[in-house]
């Protein structure tokens, strides 16, 4: 029974792919623009409340990693992992002076995300305005 199912799957793939090639992938899932990856990283980093709190603290100016970690009830290693995620997203910059590590916030990724949201707002407001016009026109016809 299992062998028949496997044969059926292989036959189905051959019918669904050009030239009978068995390599199937979803182009839209596999393909990302660099800007989209940056936005994904920014939003992923901002999704955690601890990382948002770290960014809020850095909004007041440059601080040592140990100063950032002090108010959190977690290990320095755990806070460092959150900081690393923020650094990977480009939201935080690190400067080393001897053994001290100083962090500062970089607003560019947040500004880029805000620009993306603003563009989406314009797009969807235009679409919703058009929908409202259609509904109003349809209601007037009745």
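All of the numbers you see were taken from the coordinates with simple rules; none came from a lab. Note that this is a predicted model, so its numbers are computed, not measured. So basically every Cβ, Gly included, is an ideal-geometry build from the backbone, and we count neighbours across all protein chains shown.
In whole Å, what is the distance between the alpha-carbon centres of the range 44-87 and the range 94-115?
11 Å
Which order do the peptides 95-106, 121-132, 51-62, 80-91 take when ranked by the mean count of other beta-carbon atoms within 10 Å per residue, highest first? Intermediate results must be reported in sequence, preceding the final value.
Details: 95-106: 12.3, 121-132: 10.0, 51-62: 15.1, 80-91: 18.0.
My ranking of the peptides, most packed first, is 80-91, 51-62, 95-106, 121-132.
What's the whole-number percent of alpha carbon pairs in the range 43-142 lying beyond 19 angstrom?
On the way: 2667 of 4950 pairs.
Distances greater than 19 Å cover 54 percent of the Cα pairs.
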